[in-house]
Amino acid sequence: MPRPPSPSIPEREFLYASLKQSLRLDGRLPLEMREPTLTFGPDLGWVDCAMGRTRVLASVDGKMVKPTPERPLEGVITIHSEISPMASSDYETGRASDEEVVLTRMLDKVLRRSDTVDKESLCVQAGQRVWHLRLTIHCLADAGNLLDCACLAGIVALKHYRRPEVEVEGEDVTIHHPSERAPIPLAMHHTPYCFTFAYFPDTTTQAVLDPTSLEQRLSAGLLSIALNAQRELCVVQKAGGVPLAPDEVMRIINVAVGKAKELDRIVEKRLQEDWSTRNVEVR
Amino acid sequence: MSFVLPGELVPAQHVNLKLGPGLLQVSDVKNGSVMSTRAGELKHTANNREWWIEGNSRRYVPAPQESVIGVVIARSGEGWRVDIGSAHFASLDGLAFEGATKRSRPNLKVGSVLYARVSLAHKDMEPELECFDAQTRKAEGFGELKGGFLVRCSLQMSRMLLDQSHFLLPLLGARFPLEVAIGLNGRVWVSTKEPKYTIAVSRCIEAVDPDGGGMDERAAKKFLATLDI
Amino acid sequence: MGSRVEILNDDGYRSDGRRQFELRDITMDLSPRGTADGSAMITHGLTQVMVSVFGPREAKMRAQTLHDRAVLNVEVNIAPFSTGERRKRNRGDKRILELAASIKSTFEPVVQTALYPRSQIDIYVHVLQQDGGLLQASINAATLALVGAGIPLLDLVCAVTGGVHSTSPMLDLTTLEENDIPHLTVAVMPKTGNVTLVTMETRLHVDRFGDIFKLTCDAAQVIHQEMKRAAYARTRRLVDAMDVDSKSILLTGDNVDKDTAMNELE
Amino acid sequence: MITFASFAAPPDDLYGHGHRVAHPIDPADDRDMDIDFDDEEFVSGSKLTVPGETLTSSHAFMRGHGTYVDNEQVIASVAGTVERVNKLISVRAARSRYNPEVGDLVVGRIAEVQPKRWKVDAGGRQDAVLMLSSVNLPGGVQRRKLESDELQMRTFFEEGDLLVAEVQAFFADGAMSLHTRSLKYGKLRNGQLVIVPPALIRRLKSHFTSLPCGVDLILGLNGYIWVSKHVKDSDREGEDGFDAEAVYSNRNDDIDCATRTAIARVTNIIRALAAHWQPLTDAVLLEAYEWAVEQDCDVKDLLLDDVAAALVASLGGQH
């Protein structure tokens, strides 16, 4: 099968022309993102995150393992993600596409390497037992900006997840079932969110936040910024694409600072809403 | 309204029966000879001549004589290969245009959009297109579509838009002048004076599409009012 | 990361004796290697990278060819002996693929690919020694190799890494420093000062980022002077060698017989 | 203050191509290190440039090859010499792949056999095309091409065969089309191929030369050079002008030991000169061959660095 056909000439010309007038096809402003819809499943750490037609499902599960000899005091976090043709017919099975490499590396950087979860708090018995958290990201549909959606789903899943309480008495370890004792949330250092901006060949056209798939296909470069609401950058990634003035990069970073605060509020609110419904059931 | 599942027999009967998407003629079944191959709503024309199944599919299966909108993918020899959203690319001969000769062929670039008719659709061959009426050799509106924008929708939506009695296009046409070409392969080409009008058309189609917003006439009118045009 | 080496001591010296804004010694070698159309070897301190460029040439992967421009193909090979651990990385390693993808997309807007429809330009990056600044060395070497191959570029691309130790920014980090402090890599097109690549993957406050980002952009200009010098020196050698007998050529050079039968193509 | 440290630099390479920096820069001129290249650029009369250097304003001049216009300036995109013809500014790359022109003589290798055409690797940016209609076929020069010819294209040229041809025209995408419709052109036998950078081959009166040592040379403008046993002119053309058997034969003639040595010597001379970036002409090669015989050096020693340097130096003395 040949590579997916690129957008037609009229589509390209029209998109560039309308972006010049700061009009987007879905009626958004250039720096407006699609409001994410977060749906929580019956299990803790199960999140369905939708931004427009882009949908990602993330789930966390934990189990006890023996820690690696190099880090006897730290828990383990692994992230599994894959882009299958299920998300969009543009993707093929087999060899990892560039998008998949970008996604996997970005999730790794944002969720694991930026120390979102306090790994030492996942230690149960030094050198003997630690928690191993598995975060699985399923990309259900890609209608543009899969990256931000997957990062958001991942971080929300981690925040939503609660691990069973564990009691250690000497050598004995008791894991309490959630019905006996309320499970406890993970100790998180911070909550990073990822924002992707698309640039277009005509440098006078403003950058757009959260590009749709057409915008993404026709863009001449993406700038992804991951940061938390405390103004700490975790990842800045602009791998090639149109050259930007350094001031423009700083301006976009400042835009992202504002967006991170907004998004953080939305996420906290949704998590609280969900938790309030759960408290009734559990007890 | 009747819904069918794949494999159900369909009571389609007419002296001059014509089967549309989702229906298959079978010979070795005793009572009735038409079977459904997809799930969906069974529909037929008022005179019971044409029958088809309406679903929420977005994947186009080419059928002869249907008008489609395609995008040129590559040149191949004397003609072009065209993406019409089907499983295989369609081929379009360089001479299948009004007034085309070996010396003067239309100048289509890779990425050009065109309005064409499926001239051959056989399950074992790649579909073929033509941009004229084979009898009269006149264009009849087929050919390259320049400018404008390509809106993608469900196949059902494109069939609805072709229905003269559907409310959407008259509603939009009353607000601003627009030019539209509808392909049965779930693609609608729109051209207006201003990008904001084209965006309005695109958003309305998305909103009315049963596979999208699924709005009815009243909701669509309300939605249009919020679009600032 | 285990190491408890002082990154920056009270007197303002780094672990290898450099000052904060001191770059490591650079060597650039553009001499031809094998049958490559252009090649370059660059060292930044103990990091050594060799790049060979082939093309533009007939595309090997026919399905990938583009009808309106050339395809860039970047392959990165990290020698197992390039680090102390002596570990073999396989080609499917995500980190290597990411490195290759970054180099590819850095050069895509810089190489004038539209001049060579349906062709392919191969950039093979070989990492021989690593001591920090892998991406920086790869990009700089690839730029010089492309220049050596005579492939049209809009500008040279100059890359530099920078990091921040508590509040003190520093440039051109070694592996030791990269492991300990937040760092970023910036690639700049010096003519306009615009940035083609920025990557940062460790936690850093926005204000700190601003400082180090500006500083690396300036440092790239300094690297640019060195790259320019190397490119001039190489060009000078070639042109001088050709010039030796240009006078004798001029006498006969123009009389090329062109008794070609021009036939229209199919 | 951005400066360079100097430590642990590897030794300079043998040829001195490498450029090494080990100079802590005066803190006074921090960051804006401006190097004056002007005197360096004009050392030997030709102005040099590298990508990204502004050449002139685009108002007064037009841009040619190797340049682009941005912000009303003509800017170089390749490293090489700046050339000016009236108002046209262009940059000739010091080294690049072969840029074909109509009428160029090239040596190439068949890469692929396709319907009615061969794809030929001739060092260009795409494979060249040799149409079946552009070759001479057995049975007369003017004969029409038949369907049977299409089916037996491999009997004329097969994958891997070497041939000499002329650039006939270009396709829309820039690929070159070749023809061998002359008795001078066609399949190559009795020798070996050397590939050098195309910049080293200058346009000459004739690219077919014979050295007195019994060696024929074909200097393809694409940098592909064919070194072969001398064929007498009388043998080359039969009385009918065309002998299919001979023209498309895949068999080498008998080559005696002396000729083989001569071919190898010429080949190694070409390699040695190319390594020192010496332009190759029939005159230069003849002179170099004489030097090599005079010095009585072994054929394979020509590839040693000191012998090659001595050879280049001996040529330099003449000019």
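Derivation of every value follows stated rules applied to the coordinates shown; laboratory data play no part. In this text the structure is predicted, and so the values were computed from the model without any measurement. Cβ atoms come from the backbone with ideal geometry, glycine included; neighbour counts cover every protein chain shown.
Here are the numbers for this structure:
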quantity	calculated
Charge dipole magnitude, Cβ of K and R +1, D and E -1 - chain C, Cα centre, debye nearest 20	520
Cut-off under 5 Å, modelled amide H: who pairs with D:ASP161 long-range	D:ILE110
Global form of the stretch B:149-225, assessed from the alpha-carbon gyration tensor, a/c cut-off 1.5	rounded
Max mean-square fluctuation residue, GNM over chain C, Cα-Cα springs under 10 Å, options C:VAL111, C:VAL206, C:VAL188	C:VAL206
Tail beyond 18 Å, pair distance distribution of the stretch B:67-145 (Cα, percent)	32
Listed residues A:TRP46, A:LEU122, A:MET250: farthest to the positive end of the dipole of chain A (Cβ charges)	A:MET250
Eligible aspartates and glutamates near B:LYS123 by straight Cα distance, threshold 19 Å, same-chain separation 8 or greater	B:GLU66, B:ASP83
Residue of A:ALA245, A:ALA50, A:ALA229 that the Gaussian network model of chain A assigns the largest fluctuation, springs spanning Cα pairs under 10 Å	A:ALA245
Between 0 and 90°, nearest 10: helix C:206-243 axis offset from chain C longest Cα axis	30
Between helix A:98-107 and chain A: long-axis angle, C-alpha atoms, 0 to 90°, nearest 10	40
Proximal lysines relative to A:LYS109, as straight alpha-carbon distance under 19 Å, when same-chain residues fewer than 8 apart are discounted	A:LYS119, A:LYS159, A:LYS238, C:LYS94
Charge dipole (chain C, unit charges on Cβ, about Cα centre) - positive-most of C:LEU171, C:VAL157, C:VAL125	C:VAL125
In the stretch B:66-113, the trypsin sites (Lys or Arg not before Pro) that fall in loop regions by DSSP, at most 14 other Cβ within 10 Å	B:LYS102, B:ARG103, B:LYS109
Given charges at Cβ of Lys, Arg, Asp, Glu: the stretch A:165-219 dipole, positive-most of A:PHE197, A:HIS176, A:ALA207	A:ALA207
Reachable lysines from C:LYS228, criterion Cα separation under 22 angstrom, eight or more residues apart if same chain	C:LYS104, C:LYS191, C:LYS214, D:LYS47
Loop sites in the stretch C:66-147: trypsin sites (Lys or Arg not before Pro), DSSP, at most 13 other Cβ within 10 Å	C:ARG86, C:ARG87, C:LYS88, C:ARG91
Spacing of the two label points (7 Å from each Cα toward its C-beta) at C:ARG86 and C:ARG62, in nm	4.5
Integer Hz, Karplus 6.51/-1.76/1.60 couplings in order for the stretch A:184-195, x for Gly and Pro	10, x, 6, 7, 10, 6, 6, 10, x, 10, 10, 10
Unit charges on C-beta of K, R, D, E only; dipole of the protein assembly as shown, Debye	2800
Sorted by Cβ density within 10 Å, fewest first, the residues D:SER96, B:SER57	B:SER57, D:SER96
Neighbour-limited loop hits for trypsin sites (Lys or Arg not before Pro), the stretch D:60-100 (at most 13 other Cβ within 10 Å; DSSP other than H, G, I, E, B)	D:LYS87
Cα long-axis angle, helix A:146-160 against chain A (0 to 90 degrees, to the nearest 10)	20
Efficiency of FRET between B:LYS146 and B:LYS221 - r from beta-carbon atoms, R0 30 angstrom, step 0.05	0.45
Of B:PRO177, B:PRO21, B:PRO106, the one that fluctuates the most in a GNM where chain B has Cα springs shorter than 10 Å	B:PRO177
Taking A:SER22, B:SER86, B:SER104, B:SER165 and counting other C-beta atoms within 10 Å, the order from fewest to most	B:SER165, B:SER104, A:SER22, B:SER86
Test item: Cα-centred dipole of the stretch B:2-54, Lys/Arg +1 and Asp/Glu -1 on Cβ, debye	120
Anisotropy class of chain B from Cα gyration tensor, a/c 1.5 cut	oblate
Fewest-first ranking of C:ARG14, A:ARG129, using other Cβ atoms within 10 Å as the exposure measure	A:ARG129, C:ARG14
Kirkwood hydrodynamic radius over Cα pairs of the stretch D:105-318, then Stokes diffusion coefficient at 25 °C and 0.890 mPa s, in µm²/s	134
For the protein assembly as shown, the Rg and Dmax computed from alpha carbons only, in angstrom	34.4, 108
Chain B, helix-only ellipticity at 222 nm - DSSP H runs n ≥ 4, -39,500 (n - 2.57), divided by all residues, nearest 500	-5000 deg cm²/dmol
